[in-house]
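Remarks on the structure that follows.
The values are calculated or read from the model by the stated rules, or taken from the named source; none is laboratory data. Quick caveat, the model's predicted, so the values are computed rather than measured. For neighbour counting, all protein chains shown are included, and Cβ atoms are generated from backbone atoms with ideal geometry for every residue, glycine included. Heads up: the accessible areas ignore ligands, DNA and RNA and are worked out on the full protein's heavy atoms, side chains in. Shrake-Rupley method; radii C 1.70, N 1.55, O 1.52, S 1.80 Å.
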Amino acid sequence: MVSSNRPWSPQHCWGPYRVIMPGIAGVIMLSASLCSWFTSPSGTRLIAWRLPVDLGWQLRLSVLNYGLLCSVCALCIFFLTYQSWRAARAENSTDPVQILTAPQTALASSYVKIALLCLLPPGLFLFQFLCADMSTMAEITRQQIQLELARSHLGYAATPEYTPIIPFLLNGNSLSDRFAILTDQLDIGWFLPLFSMGILLMARAFLPLRIRFEETALAYRRSTRRARTGVIALGILCALLIFGRAPAAMASETQAEHLLNVGDYSGALNWLDRARFFNPGLDQLVAYHIARGEAWYYLHPEQPNAESETYLGHYYRTQNDFYSSYQTMLTTWHNYDHAPWLQDEVTLALAQMAEVSAPLKGMPSTRLTNDEPALPWLDEILQINNDNFYAQFTVGRILYDLQDYAGCEAHMRMVLNISPSPEMQSAAYTYIALSRFDLGDNNNAREYLYKAQDLDPAYRNNTARQHMSGMR
C-alpha cells in the first residue's frame, strides 16, 4: 500500500493550498475596503469607507460603512486561514501537543459559512441602492440626467454604457432605471468580495475527505441544535424588522400605482402615505410627488398644490407640449417652496426647451441659428442651480461657436470645478485650449490639450487629438 506520508501523495501536495488560498481570499476582501465601489455620474469615486450603510431607517452613521464590513469579513477569513493551518499541521504531526490543540471545528462547513459571509457587503449594497436609499438615488438620478445631456454635446463619441439611458425618461423611482444606473456606475470594489467567495469555495475542495476532529465537531453541533434553531428563528425575525421597511414601501407604491390606474385616487393617496411612512427617503424623488400630484389633481381640481401642478407640467412634457410644461413649472416654482424635487422637474422642463432647438448639431457654419435659442433656457437653469455641469458645459460650447472665447473658458473652468469626471474634464480642457488658440495663446493652449489627452486614455476625444496634430 502506498504511504500517505510520501511527499508526492495528494494529501501532502495539496495541503499548502488549504492555507494559501483562503489567505489570498482574505487579502482580496481587505482590498475591497480600499477600492472604489461606485462612481457617481458627476465623476466622484466612492471607496467603501465613504459609503455608509442605510437600510431605509434613515440612520446614517459614518462608522458603519462598507469598508468596516469588508474588514470584518477579511478578519474572519484570516481566522479561518489560521485554523486551516493548525488543522493541517496537526494532521501531519505525531506531536501529542499539536494534535490536542488542533481546532475543534468542521472546516468544510466553516469555509461555506464564511464564503456566504462575503456576500453580505455586495448584497447590502445592492439592497441599499435598489430598494432603500432613495435620498442618494435622487441625487444620483439628478447627476445622471446632467451627464447624459452633457455627453450629447461632447462633439465626439462618449464612453459607451452597459445600459443605455434616455435622460428625459429616467425615473429614479423605477427599479429598472435604478438598476440601469448601477450597471453603468459600479466599480471593481463591488466585485472583489465575489472573488473572495469563489476562492474560498475552491479552497474547500482541497480539504481531505475526512478531517481528524470533524466527528467531535458534529457531535457538538447536535447537542446545540435546538438552541441554534431558536437563534435562527430570532435572526429571521430581526432581519424582517431591519430589512422589511424598504420592500414594504415598494409594495405600497405598487398598490398605489394600481389604484391610480383604476381611478381610486383617495386609496392611492393613502397607500402613498404608507410608502413614505416606511421609507421617508421617497420624499426626495420627483416621481413620488408626481404620483401624489396625479391623485390630488383629480380629487381636488379646484385646490391645486405644488404636487398637482408638477403632475400637470409633467403630463404636458410627456405629450411633447414643452412650452406648456415650462409655463406650468415656472408658475409652480414661483408660487411654492423650492424643494429639491421641484427643482429637478423645473430643470428638466428647461432642459427640454433648450434641446428643442437641437443646439450644437450639424456643421459649425450652419448651427448658430440653433445655438442661440437655447442660451436663454440654459441661463435659467444656471440661475436655479449654478452647479449644473450640463448647462455650464453646453453654454460654454455655444459661446465658443459665437466666438466669445473668454466666456467659453469661464464656463469650462466651472465644469472643471463641478465635475471630477475624467470624461467631462477632458472635454472642458479641450475647449479651454481651443479658446486659447483662437486668442493667440498657443503655448498655454497646447498645455491644455496635453491635459485633455491625458484624461482620455480610451482615445475618444478626437477633437483634442486633431487640433494637437494640426488638423483644424
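Brief remarks follow.
- Principal-axis tilt of helix 107-117 within the chain, Cα atoms, nearest 10 degrees: 10 degrees
- Amide proton proximity set for SER36, modelled H, under 5 Å, gap of 5+: GLY189
- Dipole moment magnitude, nearest 20 debye, the chain about Cα centre, only Lys, Arg, Asp, Glu C-beta charged: 3140 debye
- Segment VAL356..LEU61, full-extension length gain: 101.8 nm, with 0.36 nm per residue of separation and the alpha-carbon distance subtracted.
- Computed over protein heavy atoms with a 1.4 Å probe, the carbon and sulfur contribution to the accessible area of segment 286-402 reaches 51%.
- Entry comment: accessible area of segment 160-209 is 52 Å² per residue, from protein heavy atoms only and a probe of 1.4 Å.
- Portion, in percent, of the accessible area of segment 406-472 that falls on carbon or sulfur, probe 1.4 Å: 47 percent
- Each label was represented as a point 7 Å from its Cα along the Cα-to-Cβ direction; for LEU116 and ASN417 these points are 5.3 nm apart.
- Taking the longest Cα principal axis of the chain as reference, the axis of helix 422-438 is set at about 40 degrees.
- Rounded to the nearest 500, the helix-only mean residue ellipticity at 222 nm of the chain stands at -21500 deg cm²/dmol, with each DSSP H run of n ≥ 4 adding -39,500 (n - 2.57).
- Radius 11 Å from Cβ of TRP271, net charge of other residues (Lys, Arg +1; Asp, Glu -1): -1
- Three-way shape label, the chain, alpha-carbon gyration tensor, a/c 1.5: oblate
- Furthest towards positive pole of dipole, ALA306, ALA287, PHE277, structure part the chain, Cβ charges: PHE277
- Probing with 1.4 Å while keeping every protein chain in the model, the per residue accessible area of segment 403-472 equals 50 Å².
- Projected label points at ASN261 and ARG50, each 7 Å from Cα along the beta carbon direction, are separated by 4.1 nanometres.
- Under DSSP loop assignment and at most 11 Cβ neighbours within 10 Å, longest chymotrypsin sites (Phe, Trp or Tyr not before Pro)-free interval of the chain: 163-458
- Measuring r between the beta carbons of ASP187 and GLN383 and using R0 = 25 Å, the FRET efficiency lands at 0.15.
- DSSP-assigned coil residues among GluC sites (Glu not before Pro) in segment 283-328, each with at most 15 further Cβ atoms within 10 Å: GLU302
- Segment SER469-HIS334, length gained on full extension (0.36 nm per residue, minus Cα span): 43.5 nm
- Potential lengthening between ARG86 and VAL72 on full extension [0.36 nm per residue; Cα-Cα distance subtracted]: 2.9 nm
- Residues whose placed amide H lies under 5 Å from that of ASN65, excluding near-sequence neighbours: VAL53
- Calculated FRET efficiency for the pair ALA239/ASN270, C-beta based, R₀ 30 Å, to 0.05: 0.60
- Placing dummy labels 7 Å off each Cα toward the beta-carbon, the span from ALA410 to GLU302 is 5.1 nm.
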